[in-house]
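The values are calculated or read from the model by the stated rules, or taken from the named source; none is laboratory data. Being a predicted model, the structure only gives us computed values, none of them experimental. FYI the Cβ positions are ideal-geometry reconstructions off the backbone, even for glycines, and counts take in every protein chain you see.
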Amino acid sequence: MIKAGTLEDLQDVGAYLTGHFLLTTGRHSDTFFLLARLTERPDRLIPWISLLRDKLGETGAHTVVGPAVGGIIPAYQLASAMGHTRVLFAEKDADGSMQFRRGFKLAPGEPVIVVEDAVTTGFSVGKVISAVEEQGGRVAAVGALVSRAQGALPWTVPMVSVLQLTGVRNWDPSECPLCQEGVPLSAPKR
Ligand SMILES: [Zn+2]
């Protein structure tokens, strides 16, 4: 029986790959997360969401925000698990910022939980935090299914993750050992 919230679980559903990958940052890595392979299976995702809800504890927030696209399903599922909660999503604007569209509104000072599938640099979550603050809301906590953040994040809101990974390796293409070995490069999200 594979335990939820583990790397083994991700590997089993095809959400954790090993090989030679091009990351969205342009760097190369020997591992890749494809969390859509987890969120495509509600029966496998729900135990992760229960773990996330328990780790978040009582935040005082009854609104969950997920960035499109990866954050929408986990945010929706968390809002369902919490009950009496609404869920909004933020979308990328032409200028690269995140914005609330579709009539989504936050009340002044409204506390929210921001949920993302995977946090690496924290750059995208930072844009969602800005979007919440521009609407007058306040981010009480950030929740992630997987965090491979190393070092300081570009925001100060507390974050909890179901699975925290350390020592994830990635390289500038000029220094990538897999390129030097001639291993074919792939970009699994395309
Ligand atoms: Zn490479």
With A149, A141 as the choices, which residue is at pLDDT 95 or above, touching a Ser or Thr at 6+ places or on another chain (Cβ under 8 Å) and more than 16 Å from the ligand (Cβ to nearest atom)?
A141
Counting only residues that are loosely packed, with under 13 Cβ neighbours inside 10 Å and of a type outside the set (S, T, N, Q), give me the strands (runs of 3 or more DSSP E) lying completely in region 103-181 with at least 1 of them.
none
Within region 1-22, restricting to residues that are within 16 Å of the ligand (Cβ to nearest atom) and surrounded by fewer than 17 Cβ atoms within 10 Å (Cβ to Cβ), the one that is nearest to I72 (Cα to Cα) is T18
Looking only at region 37-77, count how many residues are more than 12 Å from the chain's Cα centre (by Cα), crowded, with 23+ Cβ neighbours inside 10 Å and under 22 Å from F100 (Cα atoms).
2
If you check L38 against the conditions, is it in contact (Cβ under 8 Å) with a residue 40 or more places away in the chain, more than 16 Å from the ligand (Cβ to nearest atom), closer than 28 Å to N170 by Cα and in a helix (DSSP H, G or I)?
yes
Count of residues meeting criterion [more than 10 Å from the ligand (Cβ to nearest atom) and either under 20 Å from G19 (Cβ atoms) or in contact with an Asp or Glu (Cβ under 6 Å, 6 or more places away or on another chain) (or both)] in region 164-181:
4
